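Worksheet: the structure to be examined is printed underneath.
The values are calculated or read from the model by the stated rules, or taken from the named source; none is laboratory data. This structure is a prediction, so every number in the text was calculated from the model and none was measured. Glycine also receives a Cβ, built like all others from the backbone with ideal geometry; neighbour counts cover every protein chain displayed. Each accessible area value is taken on the protein alone, full model and side chains, heavy atoms only, with ligands, DNA and RNA left out. Shrake-Rupley method; radii C 1.70, N 1.55, O 1.52, S 1.80 Å.
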Amino acid sequence: MSCAGPDGRSGGGTAETLPPIRSGEIDLEIGGVTGSDPYLFSTISGVAVDPAGRIYAVDYQTDEIRVFDAAGEFLRVFGGSGEGPGEIGRACCPGWDAEGRLWVREVTNRRYSAFDVSGPEPEFAHSQPVSHPGAGLWARTTFDIAGRLVDVGPPRGGGIDARVRYHVTADGVVDSSEVIPSPPNEEIGMHTVERSGPDGPSIWFVYQPFGPRHLIAHGPAGRWATSISSEYRVDLHRPDGTVVEILRPGERGPELTAEERARGEEAMEADRERLSASLPYGLPDRKPPLQELFFDDTGRLWVERNVIGDRRLADVYDDGGAMVARYEWPARVRVGIWGWASRGMLVGITRDSLDVERIARVRFPSDGGR
């Protein structure tokens with residue numbers, strides 16, 4: 001367990017020595033408003049990076065997987081809309097298996113597709129049906145320590161409010177699963193409103209602006225982590241099934257800026273008008289301390305903090321729950337389930353004022369192999 005107070009002191013009263021913050025900058029951007037088709041993205045639904053530094057970007061609207069070299073030059077495209085082998089339908093969340101094949105999760109076709117990209121041209125290798133009734137849920141594609149696909153979705157039989165990690169063998173058999181219970185609505189700033197209309201009853205979900213959220217991350221070799229963002233407390237589930245608690249008591253998020261406060265008030269007023277209902281929450285004075293959780297390709301857990309300004313900040317933990325690195329990078333680069341992180345590098349997505357999306361690569365100075 002990692003446990004320290006906001007003054008940087010551990011439970012034993014000695015000063016905690018934190019890793020130095022390594023500041024990264026964007027060294028490559030791919031995409032724009034104009035240019036040839038491969039460089040024009042609609043919605044980027046995930047990126048992956050291979051050992052040679054090639055970037056694989058999934059375009060959600062065109063159903064294409066576009067490949068760029070380490071210098072950002074377009075190499076090839078594969079996929080394309082359809083239901084047949086090698087065709088994809090609204091894919092997201094690319095990931096690698098132990099054989100180096102690239103997998104994507106297809107929302108429309110309700111399956112996973114794997115491609116062998118080791119040769120001069122990508123070749124379709126395998127498909128796997130989704131193991132649950134969920135269709136639109138995005139979750140990073142990962143594999144457990146035994147090489148089984150981890151398929152994330154709702155319970156197959158219903159009855160509980162949760163997500164489930166289904167461990168699926170190569171022949172499509174679910175031979176084990178893990179339940180991730182959903183927190184109570186009040187703990188994640190969510191409120192439900194029931195309404196009746198011409199098409200029958202409906203339930204609307206609204207969230208407190210800048211309120212707490214349920215954070216879930218899925219990583220390589222069966223790792224996963226979960227937290228409620230209102231507290232710096234993370235449960236890190238390791239490949240052997242044990243759980244490490246990462247806890248930093250007393251950590252607080254930054255106060256809302258005037259612009260954020262105005263935006264939050266506007267969002268709440270829009271919800272009240274849209275639903276003709278009062279809301280059980282107001283605007284918080286501060287953001288939660290945590291913003292996001294994600295893993296890098298070596299299995300380290302990145303705990304991204306909420307901060308003020310034009311930089312993002314993440315604490316990075318090993319399997320034992322020890323903080324081994326801290327990184328900061330430009331705030332406009334989002335990682336989460338869409339991006340890719342490794343030692344000394346991350347690849348994320350940016351969006352400008354015209355809603356144009358680009359791929360952005362960030363380089364960090366050497367961290368001495370930690």
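At least 3 residues being open to solvent by 20 Å² or more (accessible area, probe 1.4 Å) is the threshold, and among the strands (runs of 3 or more DSSP E) wholly inside the stretch 254-336 those reaching it are 311-317, 323-330.
Pull up the stretch 91-118, narrow it to residues that are in a strand (DSSP E or B) and either without any contact (Cβ under 8 Å) to a residue 24 or more places away in the chain or out of contact with any strand residue (DSSP E or B) (no Cβ under 7 Å at 6 or more places or on another chain) (or both), then point me to the one that is most open to solvent (accessible area, probe 1.4 Å). Out of the qualifying residues, it is D116. Annotation: of all residues in the stretch 136-171 being among the polar types (S, T, N, Q) and touching a Pro at 6+ places or on another chain (Cβ under 7 Å), the one that is nearest to V47 (Cα to Cα) is T141. Within the stretch 115-123, does at least one residue satisfy the condition of being under 30 Å from S229 (Cα atoms) and out of contact with any helix residue (DSSP H, G or I) (no Cβ under 6 Å at 6 or more places or on another chain)? Checked the stretch 115-123: no residue is under 30 Å from S229 (Cα atoms) and out of contact with any helix residue (DSSP H, G or I) (no Cβ under 6 Å at 6 or more places or on another chain).
Of the residues making up the stretch 195-235, those that are of a type in the set (G, A, S), over 27 Å from G282 (Cβ atoms) and crowded, with 21+ Cβ neighbours inside 10 Å are A217, G219, G222, A225. Scanning the stretch 1-58 for residues that are over 30 Å from L137 (Cα atoms), modelled with pLDDT of 95 or more, open to solvent by 30 Å² or more (accessible area, probe 1.4 Å) and in contact with a strand residue (DSSP E or B) (Cβ under 6 Å, 6 or more places away or on another chain) returns I21, R22, S23, D27. For the subset of the stretch 236-246 comprising residues that are of a type in the set (A, V, I, L, M) and buried (at least 16 other Cβ atoms within 10 Å of the Cβ), which member is nearest to T142 (Cα to Cα)? Ranking the qualifying residues of the stretch 236-246, first place goes to L236. In this structure, does I88 turn out to be over 27 Å from T298 (Cα atoms), out of contact with any Leu (no Cβ under 6 Å at 6 or more places or on another chain), modelled with pLDDT of 95 or more and open to solvent by less than 10 Å² (accessible area, probe 1.4 Å)? So I88 fits the description; yes.
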